[in-house]
1. Specify whether the C-alpha gyration tensor of segment 101-155 places it in the rounded, prolate or oblate class, a ≥ b ≥ c being the square roots of the eigenvalues: rounded for a/c under 1.5, otherwise prolate if a/b is larger than b/c and oblate if not.
2. Pairs of Cα atoms under 8 Å, at least six residues apart: use those to get the relative contact order of the chain, whole percent.
3. Residue farthest toward the positive end of the dipole of the chain, with Cβ of Lys/Arg at +1 and Asp/Glu at -1: which of Ser160, Ile35, Ile145?
4. Applying the Karplus parametrisation 6.51 cos²θ - 1.76 cosθ + 1.60 with θ = phi - 60° to the phi angles of segment 44-49, what ³J(HN,Hα) value in whole Hz is obtained for each residue in order, glycine and proline being reported as x?
5. Quick one: which of 128-136, 69-77 comes out on top by average Cβ neighbours within 10 Å, and what's the full order, highest first?
6. Please sort 246-259, 142-155 by packing, taking for each peptide the average over its residues of neighbouring beta carbons within 10 angstrom, highest first.
7. May I ask you to list the GluC sites (Glu not before Pro) in segment 24-81 that are in a DSSP loop and have at most 13 other Cβ atoms within 10 Å of their Cβ?
8. Amide H to amide H under 5 Å from Val154: which residues, 5+ apart in sequence or cross-chain, H placed 1.01 Å off N in plane?
Amino acid sequence: MNHSFGTHDYLEDSRNSEISIYINGKYYPRQDASISVFDSGFLLGDGVWEGIRLHNGKFAFLDKHLERLFWGASQIDMDIEKNLDEIKDILYDTVKHNKMKDGVHVRLIISRGIKSTPYQDPKFTISGPTIVVIPEYKQPNPETIEHGIKLVSVDVIRGSPDMQDHRVNSLSKFNCIQACINAKRKGGDEGIMLDPHGYVSTCNSTHFFIVKDGAVWTSTGEYCLGGVTRKNIIDICNDNSIPLYEKNFTLSEVYDADEAFVTGTFAGVLPVYEIDDHELSVLGSNSVVKLIQSYYNDLVSKVCL
């Protein structure tokens, strides 16, 4: 195969030029939406975010996303200054304002707020948090879902929590950006990142799974974001008698896999056709990945009735 599709490739939609962006209680045309150069998010990547899909007028797995958002904010001592229901209202009001109901991906961004001067100490924050909601008509490229993606192992690793806690969905994504650049230089669509002990951890913007002899393997999760879709796939396997192991494993074991896939809020479940020049089966007649895709699509439809 010689496809080149990324995990976040999407279909262009002209409607996005007319959308309104929510910033701290007001709506702005896309071309006019802006924040201060003194904002903590711009200066330091100081804040948290979530990507959430709107399906059939409902946000899929919204409570799980917001639970992660508030937990992440607590880990960096950031007061969002709004409760769960208020954030939900902001999200639903934004898509209602834009008359959006389906096929929408929303980016919720909350930074610590405006600084009096460009310095990292939170005590120099002189405003409440900056809350931004960017809604877009955004559907995954169907060719990516059908043909899969190419992964390469990268030299950038996931550090231990005492270096940067990757369980927090932080605006500071430098580690992942480094891995993404490394993957592109190596000719991959995305990069497989190892943990400090040399075991497979995750990809730079998605979570990684392999299938061996009908069983699904994924990392222990110790060095990666607590993925909402990742957890849904783990639950799907457990609920449908698909053997699932959260364990340490190496790249050499990955190369012997029958199938592989990645997960994320945007595209759901994507197959992998190649890893470091090792070809893998993609959605064949007895594909476990194809089965999991089906179960996941059914779950999204069920929760968004």
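The numbers here are math on the coordinates, done by the rules we state, and not lab data. Keep in mind that what you see is a predicted model, and the values were worked out from it rather than measured. As a convention, Cβ positions derive from the backbone with ideal geometry for all residues, glycine included, and neighbour counts pool all protein chains shown.
1. oblate
2. Taking the mean separation of contacting Cα pairs over the length of the chain, I get 20 percent.
3. Ranked along the dipole, the leading option is Ile35.
4. Working through the residues one at a time gives 9, x, 8, x, 9, 8 Hz.
5. Packing order, densest peptide first, comes out as 128-136, 69-77.
6. Going by the mean number of other Cβ atoms within 10 Å, highest first, we get 142-155, 246-259.
7. Counting only loop positions with at most 13 other Cβ atoms within 10 Å, the GluC sites (Glu not before Pro) in segment 24-81 are Glu81.
8. Ile192, Leu194
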